[in-house]
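The structure appears below as structure tokens.
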Amino acid sequence: MLNVCEIFKSIQGESTYAGRVCSFVRFTGCNLRCVYCDTRYAFSEGVMQPLDMVINTLDELGCTLVELTGGEPLLQADLPQLCSALLARNYTVLVETNGSLPIDILPDRCIRIVDVKCPGSGQGESFLVKNIGLLRKADEVKFVISDRYDFSWACEFVNRYAVCEKATVLFSPCMGRIDSADLAAWIVDSNMPVRLGVQLHKMIWGDKRGV
């Protein structure tokens, strides 16, 4: 059984898959409380669904790119089984996780999008460092940047652990805290080998649920 907050189809707004049609499964529950969280409803809203029901809903949506997110999806005991079932049906499976829990429970062909929480999130000590050694080239690591201190902190983290040698790294501006243009300028000035990531879905629809 899986505690499902919502399932919907939209345009992928983040990661290197941004712009593609994608189905989303948002799970209920999170072990962190980031100050800028934009899905607080997923802390508690949800309905228990059997794995087959989730797969049937995704099949009906007709999109073979799917993101499993939250909340925190790794809190779902049956998540590895869902991933395996979707992979067997030739889905491309993205799993977005807050980085505080071991990612090696996921099947090898899953693409892990791992958040490293910066100090501005209020959860800057939450990252499980052993996850760095579990990254693969297909995986992505995301830093949400709230201010210049976050940017410096993220650069130091990336350099200390050679994260860019292990996976694709994205720096994303925290909407309402810094402008994308400022973060872009900092990246250019620093020559950091990272990608600028913006929340494309919010640029299209604003801060709206289910997109």
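The values are calculated or read from the model by the stated rules, or taken from the named source; none is laboratory data. Keep in mind it's a predicted model, so treat the numbers as computed, not measured. Cβ coordinates were reconstructed from backbone atoms using ideal geometry, including for glycine residues, and neighbour counts include every protein chain displayed.
Worth a mention:
- In the range 187-209, the residues that are within 27 Å of I11 (Cβ to Cβ) and assigned to a helix (DSSP H, G or I): I187, V188, L200, H201, K202, M203, I204, W205
- Which numbered condition R26 misses (of (1) within 18 Å of Q199 (Cβ to Cβ); (2) not in a strand (DSSP E or B); (3) not hydroxyl-bearing (S, T, Y)): (2)
- Against the numbered list (1) buried (at least 21 other Cβ atoms within 10 Å of the Cβ); (2) closer than 23 Å to V169 by Cα; (3) out of contact with any helix residue (DSSP H, G or I) (no Cβ under 8 Å at 6 or more places or on another chain), A42 comes up short only at (2).
- Members of the range 21-41 found to be at pLDDT 95 or above, under 26 Å from A138 (Cβ atoms) and under 15 Å from the mean Cα position of the chain (by Cα), listed by number: C22, S23, F24, V25, R26, F27, C30, N31, L32, C34
- If you check T16, T64 for being over 21 Å from R209 (Cβ atoms), touching a residue at least 40 places away in the same chain (Cβ under 8 Å) and among the hydroxyl-bearing types (S, T, Y), only one passes: T16.
- When the range 1-23 is filtered for residues that are outside any strand (DSSP E or B) and surrounded by 19 or more Cβ atoms within 10 Å (Cβ to Cβ), the ones remaining, listed by number, are Q12, G13, E14, S15.
- Filtering the range 143-186 to residues that are of a type in the set (D, E, K, R) and either assigned to a helix (DSSP H, G or I) or surrounded by 14 or more Cβ atoms within 10 Å (Cβ to Cβ) (or both) leaves D147, R148, D150, E156, R160, E165, K166, R177, D182.
- One residue from F143, F157, F127 being under 20 Å from D38 (Cα atoms) and either out of contact with any strand residue (DSSP E or B) (no Cβ under 6 Å at 6 or more places or on another chain) or acidic (D, E) (or both): F127
- Qualifying positions in the range 98-114 - within 15 Å of C30 (Cα to Cα) and buried (at least 23 other Cβ atoms within 10 Å of the Cβ): N98, G99, V114
- Selection within the range 101-123 - out of contact with any Gly (no Cβ under 7 Å at 6 or more places or on another chain), under 17 Å from G71 (Cα atoms) and either modelled with pLDDT under 95 or part of a strand (DSSP E or B) (or both): R112, I113
- Single match in V66, V93 (criterion: within 27 Å of K130 (Cβ to Cβ), assigned to a strand (DSSP E or B) and touching a Lys or Arg at 6+ places or on another chain (Cβ under 9 Å)): V93
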